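Shown next, in C-alpha cells, is the structure this report addresses.
The values are calculated or read from the model by the stated rules, or taken from the named source; none is laboratory data. These figures come from a predicted structure and were not determined experimentally. A quick note on method: Cβ atoms are made from the backbone with ideal geometry, for glycine too, and the neighbour counts reach across all protein chains shown.
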Amino acid sequence: MSKSINIITSSAVPLPIENVDTDQIIPARFLKATSRDGFGKNLFRDWRYENDNEATPKTDFVLNNPIYSGKILVAGKNFGCGSSREHAAWAIKDAGFDVVVSSFFADIFKNNALNNFLLPVVVSDSFLQQIFQAIEKDAAAVIEVNLTEQTITIVATKAAERFEINAYKKTCLLNGYDDIDFLLSIKDNIKAYEAQIN
Amino acid sequence: MSKTLFEKIWDKHIVQQIEDGPSVMYIDKHFIHEVTSPQAFAGLEKRGIGVHNAKQIVATADHNVPTLNQHLPIQEELSRMQVDKLIHNCKKFGIELYGLGHPYQGIVHVIGPELGITQPGQTIVCGDSHTSTHGAFGAIAFGIGTSEVEMVLATQCLLQSKPKLMRINIDGVLQNGVTSKDIILHIIALTSASGATGYAVEYAGSAIRSLSMEARMTICNMSIEMGARCGLIAPDEITFNYIKGREFAPKDNDWDKALAYWQTLFSDADAKFDTEININAADIEPMVTYGTNPGMGVGISQTIPLAETLAEKDQPSYLKALQYMGLQAGNPMKGQKVDYVFIGSCTNSRIEDLRQVANFVKGKQEAADVEVWIVPGSKQVEQQAQAEGIDKVFQEAGFVLRQPGCSACLGMNEDKIPAGKYCISTSNRNFEGRQGPNARTFLASPLTAAVAAITGKVGDVREFLN
C-alpha cells in the first residue's frame, strides 16, 4: 500500500451509477482471505463477469473497456453504502486507484478509504456531471487532484472545485501517518481517562 | 444545558479533542467475528503490540459458519481457515470466544443483548455495519472497518467526528399485522438509502415506547440502511426489565448504581436536533421492497413506482434495479411469486420473531415450490425455540429450522439463493447478488415472510388476521 498522497494527475474511470454498495464493490463470498492483499482482481466481480466466470467478461462494463484507465474512479452519489467491509477500500486501492470522486460517500466507506490512503473527494452534483461529460467527450480526459490545495481540476477545461477534508486527516495523508500511530502516541491520556471513569 | 440522549453518551466518552479534527472516543465494548478481524490482529503483530484490554472484547463466529451439521468440521476450506484464525487469535490475546459448539454462539448482534453485555450508555463497536442494533438499549453503537478494529484492539479508542442529530417520532397505534420491521422499512422508503448519512438517529414516540426490546433492535439494526452512523432509543422500564438477570448484567449494588445512571439517559425536553421527522404509526402498512436497496420499498397495497415519478437523473439507476429484479414499474407487489423464504439475520432471528412465525403457520403447510429456511440468531434462541415446541410447528409445516449464523443474509456460507430466484427475506439488504449471484431479494417482516411461506406469494398479512 502506497503511503502518503498529494497530487494525483490521471485519466479517470467513470461509473455513473448511484448507491454503489460494498456488496457490488466486493461480494461477500470474496471476504474469506486473512490478509489485505489481492482483492483488486475481484473488484466489481459480478458487474465484470457473466456467470461469475472470468472467461466471459461483460464487455459493456467500464473496467472491461480498454478505453478507460487511470488512478481516479468517478462514481454516482452515495458511493460505498452498505456493509462496513474494509475489503471494499482494499479492492479499489489494489486495483490501482488512489482517488474516488463522488457527490456523496457513505460514512463507514469514507473512513475505510482514508485509513487506506485512498482519497475520497466529495464534489458538487454539477461538478460530478461536468467530470462525467468530460470523460464522455474524451475517455482519456485528465483530472488533477491536489490534496495540499484541496482542489480537483478537469485539466482540459480548467474547470475546478475545492473539496473539504479535515486538517488532521489531511496531515495524515500528506505525511503517511495513520490513526493507530496517533492513538498509540496518546496512550497515557487514554489510561488517565480510564482511571477517571473507573 | 439541555442535551440529547446521543450527546449525553458522546460527551462522557471523549478522551480528547484534536484541534480542527475528530475526537478521540473511548469504546466500552468491542465485538469481533471471523471475517473482519484477521487483518486487524495481523496489524497488531506487525507492530509488535498487544490488545489494550481483552476484557472489553467478545468474539463469536457467525458470518461464514454453516447452518447445518455444525458439529462437523467446516467443509469450505477458506471459511474453516477464518474460523480457525479467530480461535487462534482469541487464545493468543486472551479474548473470550463464543465459537461453534459454545452454548452462547450466535450472530454477534443477537448474543450481545441476550447475554446482557449490551447496556445503556455504552459505546459499542464491531466490524459490522449492523452494530447499530445495540443502540436499541440507548447506546452509541456503530460499525467500523478493519483498520478501526485494529485501533480499538490496540487502544480501546477511535477517532470520530460528531455526527448531526436526527429524531424520528412515531406516534399512535400500529395496525394489526404491522411490525417494527415495517416501521423501519417505511422510514427508509421515506428518507431513502442515503437520507440519514452523517446523522445519529434517535427513534422516539409512543409507537416506539410500546415496542419490546427485540422489536426495537430490529429498528435500530437497519439505521445503517438509510446511511445513519447509528440509531438509538432512550432506555426505559422495558429496557431495564430486559437486561435484569442476564448473564453479564450488573448485579446487586452494581445494578442499583447502573440503573440510577441509565435513568438519566433521555433527550431533555428542549434538546435540539438538526432534523426532526414525524410519522403517524397508523399510516404504516406491512412493507415489502421491490428494488436493490432497502429504500426501494412500498406498502403492500401499493404498486411499484413509475420511473416518470422520479427525477430524470435518478431514472437510470432505478431502471437498472427493476431490470435486475425482473419487475415492471406500475405492477403491484402483492401476488408476486416467491421461490425461497429466509427467516433469520441480525434483523429478525430472535425468539419473538420465531414465535410470531410459529403462531401464524401453526396448522398450515408450506406452499408447493417454496423452500423455507429458518435460521435462529443464536444457540440460546435455538434452544428456546425447541423448549417451546416451535421447532415441531415448523417441522409439521414443512420448514427447516437450521443452526445459528448469518446464513442467507449475505450468502458467505453455503446458504445461497440461486440465480434468478426470488427470496422473501427478513434480513436487511436487497443489494444485487447479496443472497447469491443474481439472486433477487424482497425484504419484509417475519409475518409477511410467513404469508409467502404458506401461499408461495407476496401477500398482505392483515387479510389472514382478525
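Which of the residues belonging to the range B:288-343 are of a type in the set (Asp, Glu) and in contact (Cβ under 8 Å) with a residue 60 or more places away in the chain?
B:ASP339 - this is the single residue of the range B:288-343 that is of a type in the set (Asp, Glu) and in contact (Cβ under 8 Å) with a residue 60 or more places away in the chain.
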Considering the range A:15-32 alone, what residues qualify as being assigned to a loop (DSSP other than H, G, I, E, B) and touching a residue at least 24 places away in the same chain (Cβ under 8 Å)? A:PRO16, A:ILE17, A:GLU18, A:ASN19, A:VAL20, A:ILE26, A:LEU31
Are any residues in the range B:149-160 within 7 Å of chain A (Cβ to nearest Cβ) and either touching a strand residue (DSSP E or B) at 6+ places or on another chain (Cβ under 7 Å) or at positive phi (or both), and if so, which ones? B:MET151, B:GLN156, B:CYS157, B:LEU159
In the range A:43-100, how many are within 12 Å of another protein chain (Cβ to nearest Cβ) and polar (S, T, N, Q)? 5
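Based on this model, can you work out whether B:GLU312 counts as modelled with pLDDT of 95 or more and either more than 22 Å from B:GLU114 (Cβ to Cβ) or not small (Gly, Ala, Ser) (or both)?
No, not satisfied.
So that you can scan it fast, the table gives a plain yes or no per residue for (1) touching a Pro at 6+ places or on another chain (Cβ under 7 Å); (2) buried (at least 19 other Cβ atoms within 10 Å of the Cβ); (3) more than 8 Å from every other protein chain (Cβ to nearest Cβ):
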position	(1), (2), (3)
B:TRP10	no, yes, yes
B:ILE14	no, no, yes
B:ILE18	no, no, no
B:HIS30	no, yes, yes
B:VAL51	no, yes, yes
B:VAL58	no, yes, yes
B:GLN70	no, no, yes
B:ILE74	yes, yes, yes
Checking the structure you have, find out if any residue of the range B:305-326 is closer than 30 Å to B:ALA397 by Cα and either more than 26 Å from the chain's Cα centre (by Cα) or part of a strand (DSSP E or B) (or both). yes
Right, B:ALA136: assigned to a strand (DSSP E or B), touching a residue at least 24 places away in the same chain (Cβ under 8 Å), crowded, with 24+ Cβ neighbours inside 10 Å and on the phi < 0 side of the Ramachandran plot or not? no
Conditions (1) within 14 Å of chain A (Cβ to nearest Cβ); (2) more than 25 Å from B:PRO305 (Cα to Cα); (3) of a type outside the set (A, V, I, L, M); (4) surrounded by fewer than 24 Cβ atoms within 10 Å (Cβ to Cβ) -> B:SER194 fails only (2)
Among the candidates B:THR289, B:THR218, residue that is within 20 Å of B:GLN175 (Cα to Cα), of a type in the set (S, T, N, Q) and touching a Leu at 6+ places or on another chain (Cβ under 7 Å): B:THR289
Residue that is farthest from the other protein chains (Cβ to nearest Cβ) [pool: residues in the range B:412-436 that are among the hydrophobic types (A, V, I, L, M, F, W, C) and touching a residue at least 60 places away in the same chain (Cβ under 8 Å)]: B:ILE424
Based on what the data block shows, is B:CYS409 surrounded by 24 or more Cβ atoms within 10 Å (Cβ to Cβ), within 11 Å of chain A (Cβ to nearest Cβ) and in contact with a Phe, Trp or Tyr (Cβ under 8 Å, 6 or more places away or on another chain)? yes
Inspect the range A:18-36 for any residue being over 15 Å from the mean Cα position of the chain (by Cα), on the phi < 0 side of the Ramachandran plot and more than 10 Å from chain B (Cβ to nearest Cβ) and give the result as yes or no. no
Going by the structure shown, is B:THR347 among the β-branched types (Val, Ile, Thr), buried (at least 20 other Cβ atoms within 10 Å of the Cβ) and at pLDDT 95 or above? yes
Going by what's in this entry, would B:ILE87 be described as of a type in the set (A, V, I, L, M, F, W, C), surrounded by 18 or more Cβ atoms within 10 Å (Cβ to Cβ) and more than 10 Å from chain A (Cβ to nearest Cβ)? no
Test B:ASP252 against the stated conditions and say whether it is surrounded by 13 or more Cβ atoms within 10 Å (Cβ to Cβ) and either at negative phi or more than 14 Å from chain A (Cβ to nearest Cβ) (or both). no
Index of the failed condition, A:SER103 passing every other in (1) at the interface with chain B (Cβ under 10 Å from one of its Cβ atoms); (2) hydroxyl-bearing (Ser, Thr, Tyr); (3) in contact (Cβ under 8 Å) with a residue 24 or more places away in the chain: (1)
Starting from the range B:270-284, keep only residues that are outside any strand (DSSP E or B), then list their pairs with residues that are of a type in the set (Gly, Ala, Ser) whose Cβ atoms are within a distance under 7 Å, requiring at least 6 positions of separation or different chains. B:ASP270/B:SER2; B:ALA271/B:SER2; B:ALA281/B:GLY172; B:ALA281/B:ALA207; B:ALA282/B:GLY172
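Going through the range A:111-126 one residue at a time, which ones are in contact (Cβ under 8 Å) with a residue 12 or more places away in the chain and either under 30 Å from A:ILE180 (Cα atoms) or out of contact with any Ser or Thr (no Cβ under 8 Å at 6 or more places or on another chain) (or both)?
A:ASN112, A:ALA113, A:LEU114, A:ASN115, A:ASN116, A:PHE117, A:LEU118, A:LEU119, A:PRO120, A:VAL121, A:VAL122, A:VAL123
So that you can scan it fast, the table gives a plain yes or no per residue for (1) β-branched (Val, Ile, Thr); (2) at pLDDT 95 or above; (3) over 15 Å from A:LEU184 (Cα atoms); (4) in contact with a Leu (Cβ under 8 Å, 6 or more places away or on another chain):
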position	(1), (2), (3), (4)
B:LYS8	no, yes, yes, yes
B:GLN39	no, yes, yes, no
B:LEU44	no, yes, no, yes
B:HIS63	no, yes, yes, yes
With respect to B:ILE111, is the statement that it is within 14 Å of chain A (Cβ to nearest Cβ), within 23 Å of B:ASP254 (Cβ to Cβ) and of a type outside the set (Gly, Ala, Ser) true? no
Check the range A:170-185 and report whether any residue there is more than 28 Å from A:ASN115 (Cβ to Cβ) and without any contact (Cβ under 8 Å) to a residue 12 or more places away in the chain. no
Whether any residue in the range A:77-88 is at pLDDT below 95 and among the hydroxyl-bearing types (Ser, Thr, Tyr) is what I want to check. no
Scanning the range A:32-50 for residues that are under 25 Å from B:GLU150 (Cα atoms), surrounded by 18 or more Cβ atoms within 10 Å (Cβ to Cβ) and of a type outside the set (D, E, K, R) gives A:ALA33, A:THR34, A:PHE39, A:ASN42, A:LEU43
